[in-house]
Amino acid sequence: MDRRSLIKQAGIAGVLATGVAPAVHAQAAVRWRLASSFPKALDTIFGGAEVFARQVKAMSGGKFEISVHAGGELMPAFGVVDGVQNSSVEMAHTVPYYFYGKNPAFALGSAVPFGLNARQMNAWMKHGNGRKLMNEFYANYGMVSFAGGNTGTQMGGWYRKEIKSVSDFKGMKMRLGGGLIGEVMQKLGAVPQSIPGGEIYQALEKGTLDAAEWVGPYDDQKLGFNKVAPFYYYPGWWEGGPEVDFFINQKAFAALSPENQAIVETAAAYANADMLAKYDALNPTALKQLVAAKTKVLPFSQAVMEASFKASMEVFAENNAKSPEWKKIYEDLRTFQRDQVLWFRFAEMRFDQFMASQKL
Ligand code: CA
């Protein structure tokens, strides 16, 4: 019997009489399993869960241990929400937008096209209504969420052919992360494919894919995409600052002691900041190596960006009509974004623009 149900049945007086209450400080050993959606080879994004588990173990003096399992090991990479919901595992490390098919609102917990950058996402989640609204929504799946990483603004993917105009997307079989960007790309004429990170290279090599996006220089180089598609576009306007999440089974979280709950929250915050810092530190060297290996790094044209923006707004309007959960959270996000864009236009943007034009 756990401490909570004991208190419920016996009442506080009864608990005090049995002497159970002081045992709060003698933490029992806790063993959890975490299902990741990512392949082990990616020390950045898969590594985020290992960083988290290491911190939990250290802060609990070794009493709280979480084993981390790669995508496919315990369940399919995209099966982890079901796994958490049905208590197969206590928690998962994944990108919420993978579960767009269950309800469009999942995408709002990580990234929507032309959404927030990493800084703004953290601001909305921590000091806006983001986390509160997302956890209200995730409660429908018996889950509670914590931010568990961010990649920063992503690159726009690898293409076997140059993208000279919007019409070049017509008929293009492209691997994209999640259903929302798939719907937007469909409006541009592309044929979206949802494939886990570990399987993209082969599909590009065989030509069953014409293009694929994953994250940015460091991960993409590791997965070898430059060997099978020479054109590397930017920015990934569908992922300005995608949040990676820890999803935890609500009952498993509620059964933790307050101390262990605080440990989980703090370790997640550590892993969240660590992932973005790692990507920022590693991406420049990888980008230089990719360019040295003859990758053609090109910006999407203004016309492509504008057509993509328009297509995104159409999909958002469709979602407003389809999902009340999406509509409520989306409106809050956009209101928050309006002020963020206004503020970022001043100090941050001017500083970045000036620094980008200097010789260091
Ligand atoms: Ca991506």
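The values are calculated or read from the model by the stated rules, or taken from the named source; none is laboratory data. Fair warning: this is a prediction, and the values are worked out from it, not measured in the lab. Virtual Cβ from ideal backbone geometry, glycine too; neighbours counted across all protein chains shown. Side chains are part of the model used for accessible areas, which takes the heavy atoms of the whole protein and leaves out ligands, DNA and RNA. Shrake-Rupley method; radii C 1.70, N 1.55, O 1.52, S 1.80 Å.
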Checklist entry - Near the amide H of MET143, under 5 Å away, which other amide H atoms are found, from residues 5 or more places off or on another chain, if H is placed in the peptide plane? => result GLN250
Item to check | Reachable lysines from LYS132, criterion Cα separation under 26 angstrom, eight or more residues apart if same chain | outcome: LYS102, LYS251, LYS322, LYS327, LYS328
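Using a 1.4 angstrom probe with every protein chain in place, what is the largest-first accessible-area order of GLU73, GLU183, GLU239? Walk me through the intermediate numbers first.
Numbers: GLU73 95, GLU183 50, GLU239 0 Å².
So, going from the largest accessible area down, we get GLU73, GLU183, GLU239.
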Checklist outcome for this item: Partner lysines whose C-alpha sits under 21 Å from that of LYS359, ignoring same-chain residues fewer than 8 away, are LYS288
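Counting Lys and Arg as +1 and Asp and Glu as -1, each charge on the Cβ, what is the dipole of the chain about the Cα centre in debye, to the nearest 20? Numbers along the way, then the final one.
Working: 38 positive and 33 negative charges, 45 e Å.
Here the chain has a charge dipole of around 220 debye.
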Item to check | Mean projection area, nm², convex hull over Cα of the chain | outcome: 19.9
Checklist entry - Taking 1 over the mean of 1/r across every pair of different Cα atoms in segment 224-324, what Kirkwood radius in Å do you get? => result 17.9
Checklist entry - What does the highest-first list of 218-229, 61-72 look like by mean Cβ count within 10 Å? => result 218-229, 61-72
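Starting from the Cα-Cα distance between VAL297 and ASP82, subtract it from 0.36 nm times their residue separation and give me the gain in nm to one decimal. Write out the running numbers ahead of the final one.
Values: separation 215, 0.36 × 215 = 77.40 nm, distance 3.85 nm.
Gain in length upon complete extension: 73.6 nm.
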Checklist entry - Karplus couplings for segment 180-189 from phi (6.51 cos²θ - 1.76 cosθ + 1.60, θ = phi - 60°), rounded to Hz, Gly and Pro as x? => result 5, 5, x, 5, 5, 5, 4, 5, 8, x
Checklist entry - Using a simple spin-label model with points 7 Å from Cα along the Cα→Cβ vector, what separation in nm is obtained for ALA347 and GLU65? => result 4.6
Checklist outcome for this item: Looking only at lysines whose Cα falls under 17 Å of LYS173's and that sit 8 or more positions away or on another chain, we get LYS161, LYS164, LYS187, LYS206
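Subtracting the Cα-Cα distance from 0.36 nm times the residue separation, let me have the gained length for GLU318 to ALA356 in nm, one decimal. Display every interim value, and only then the final one.
Numbers: separation 38, 0.36 × 38 = 13.68 nm, distance 3.83 nm.
Once the chain is fully extended between GLU318 and ALA356, it gains 9.9 nm.
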Next on the checklist: Suppose R0 equals 45 Å. What FRET efficiency, 1/(1 + (r/R0)^6) with r the Cβ-Cβ distance, do ASN140 and THR285 give to the nearest 0.05?
Outcome noted: 0.60
Checklist outcome for this item: Nearest-0.05 FRET efficiency for ALA273 and LYS164 at R0 = 41 Å, using Cβ-Cβ distance, is 0.55
Checklist entry - In whole Hz, what ³J(HN,Hα) sequence does segment 276-281 give by Karplus (6.51, -1.76, 1.60; θ = phi - 60°), x for Gly and Pro? => result 4, 4, 5, 4, 4, 6
Checklist entry - What list of ³J(HN,Hα) couplings, whole Hz, do you get for segment 309-326 from phi and the Karplus terms 6.51, -1.76, 1.60, once you set θ to phi - 60° and write x for glycine and proline? => result 4, 4, 4, 5, 4, 5, 5, 4, 5, 5, 5, 4, 7, 8, 10, x, 5, 4
Checklist outcome for this item: All alpha-carbon distances of segment 55-158, grouped into 10 Å bins from 0, give the whole-percent distribution 13, 40, 36, 11, 0
Item to check | C-alpha center-to-center spacing [segment 31-105, segment 153-228] in angstrom | outcome: 25
Checklist entry - What is the set of long-range amide H partners of GLY236 at a cut-off below 5 Å, with H atoms built 1.01 Å from backbone N? => result GLN154, MET155, GLY156
